[in-house]
Amino acid sequence: MLDLQSGRTTCTQAVRHFISCIEERSSLNAFIEVFAEEALARAEELDKSEIKGKLHGVVIGLKDNICYKGHAVSASSGILQNFTSLYSATAIERLLAEGAIIIGRQNCDEFGMGSTNENSFYGPVLNPIDTGRVPGGSSGGSAASVKAGLCMASLGSDTGGSVRLPADFCGVVGYKPSYGRVSRHGLIAYASSFDVIGVLANTVEDASVILQVISGPDDFDSTALRQPLSSAQNVESDKKFKIAYFPEWINHPSIDTEISKAISEKIKSLQAEGHIVEPVEFPLTEYIVPTYYILTTAEASSNLSRYDGVRYATKAATDTKELATFYQQNRKSGFGTEVKRRIMLGTFVLSAGYFEAYYTKAQQVRRLLNDQTALIFNDFDFIIAPNSPLVAYKTGQQNIDPIAVYMGDIFTVFANLCGLPAVSLPLFKHSSNLSFGLQVLSSPQNEVCLRRFTHLLMQQ
Ligand code: GLN
């Protein structure tokens, strides 16, 4: 982005460069479609233009669940194979208005459901650091693209870690803003009370500038926050913060010893710099993953009911005259295994007789989590945590035990249950040569402080 700002490169040169990189690294399977001609035409236009927006010439990839008018969008699902967006997401309109160039759509887990990017109709994405490993999910193509230098930044979505986990596994910055910070208009819904568009980039600054552009109130989304995001940037490098961490997480039985050690050492070094870093008990830890999976599958079972072959979805080859059979055949052939599993689970937790025991209970736990978290932020500026108990998994393992993969979401889904902004910073290296990160969370809508602190952490 700096080369563009300083005039060392033109928009056209930048787009040509990324198109050739995408071709060279096509085996990563990060892009489903590249808008090559269109991106070049736009770059040429921008090079001639006198007006320079905040994202003039910034080349951005889109997770394949964000609508861009006149372009295919499928949420990496077979059921939306032939679907073209009728309108653009608010986030896309805002990117384009500031001079960004959209280079293509990126592979992800089907409807954002997964942690490995192996649940895609278009096949798995490979991790650019080690192609025998997964890039993380669900925004795997978006993270792999940034890491491999196939675009300057990507838009992803984060319902339960889908920006932060792939950022962690691929060694890039993953920024999940507060719930409502970015309009969900034009984001294909997974679980509407959790979904938010986020940014994957090389630096906190790049991610913050893009977030600044795409955020803000929107008449098309009543849950979008009314207050605009302040662009204040004055980083006082000597400011000392109060930071909490959860010993239950850092010493969790599932955590890799090197990850645990790296976070513990980070705590010590922050203390040595004069920050107050203290342990806080978090007794609700074991309820986080079940609560998340009950609520998100319930919301997904409702959101995904629109894919029936009449309103949306590719129609299966069938000559049935029976409506229920028609729906069944379309859904059976269109959805992948993981999506079907979640629709069944969500339908079950919402069904009469079980609703109170699962859905209502999970809503109550969500409330408790929010209350407990609010208390923590009365005393602290930030919470620091790991993103994942493990580094990037080897490919092909997730079908063995889906529950083990769900448990891997333990440290990321908390931010979504409470609507908190959270950033994954690529600070650490594992002995396996893989990268892993530090997660920094702040109180809801406190992105300005989060930006200052994460910027400082990246400079150390
Ligand atoms: N692993 C999470 C899930 O499968 C990721 C969800 C997301 O953030 N889209 O639900």
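List of remarks:
- Checked across region 132-141, the condition of being farther than 21 Å from T395 by Cβ and open to solvent by 10 Å² or more (accessible area, probe 1.4 Å) holds for no residue.
- Taking every residue in region 349-360 that is open to solvent by less than 80 Å² (accessible area, probe 1.4 Å) and pairing it with any residue that is of a type in the set (A, V, I, L, M, F, W, C), at least 6 positions away or on another chain, the pairs with Cβ-Cβ distances below 6 Å are V349/I294; V349/A298; L350/A298; Y359/A298; Y359/V349; Y359/L350.
- Annotation for region 253-271: at least one member residue is in contact (Cβ under 8 Å) with a residue 40 or more places away in the chain, of a type outside the set (F, W, Y) and either closer than 30 Å to K332 by Cβ or within 16 Å of the ligand (Cβ to nearest atom) (or both).
- The residues on offer are V199, V125, and the sole one that is aliphatic (A, V, I, L, M), within 30 Å of S431 (Cβ to Cβ), part of a loop (DSSP other than H, G, I, E, B) and within 15 Å of the ligand (Cβ to nearest atom) is V125.
- Some residue of region 97-110 being out of contact with any His (no Cβ under 9 Å at 6 or more places or on another chain), closer than 18 Å to A201 by Cα and open to solvent by 10 Å² or more (accessible area, probe 1.4 Å): no
- Each residue in region 144-167 was checked for being within 12 Å of the ligand (Cβ to nearest atom) and part of a helix (DSSP H, G or I), and 4 of them qualify.
- Output for region 379-397, where each listed residue is small (G, A, S), part of a loop (DSSP other than H, G, I, E, B) and within 18 Å of the chain's Cα centre (by Cα): S388, A392
- If only residues of region 320-343 that are in contact (Cβ under 8 Å) with a residue 12 or more places away in the chain and loosely packed, with under 12 Cβ neighbours inside 10 Å are counted, the one that is nearest to Y406 (Cα to Cα) is T337.
- Residues being open to solvent by less than 100 Å² (accessible area, probe 1.4 Å) and of a type in the set (D, E) - total across region 306-319: 1
- Unique residue being over 22 Å from G186 (Cα atoms) and surrounded by 17 or more Cβ atoms within 10 Å (Cβ to Cβ) when the list is V59, V15, V34: V15
- Restricted to region 382-401, and to residues there that are open to solvent by 60 Å² or more (accessible area, probe 1.4 Å) and not β-branched (V, I, T), the residue that is modelled with the lowest pLDDT is N399.
- Single residue of F121, F169, F194 found to be in contact (Cβ under 8 Å) with a residue 40 or more places away in the chain, open to solvent by 10 Å² or more (accessible area, probe 1.4 Å) and touching a Gly at 6+ places or on another chain (Cβ under 7 Å): F121
- Any chance K240 is in contact with a strand residue (DSSP E or B) (Cβ under 8 Å, 6 or more places away or on another chain) and either assigned to a loop (DSSP other than H, G, I, E, B) or under 25 Å from S157 (Cβ atoms) (or both): yes
- Among the residues of region 414-457, those that are closer than 22 Å to C170 by Cβ and in a loop (DSSP other than H, G, I, E, B) comprise P421, H430, S431, S432, N433, L434.
The values are calculated or read from the model by the stated rules, or taken from the named source; none is laboratory data. What you are looking at is a predicted structure, and each value in this text was computed from that prediction instead of being measured. Every residue, glycine among them, receives a Cβ derived from its backbone with ideal geometry; neighbour counts consider all protein chains shown. Side chains included, ligands, DNA and RNA excluded: accessible areas come from the protein's heavy atoms. Shrake-Rupley method; radii C 1.70, N 1.55, O 1.52, S 1.80 Å.
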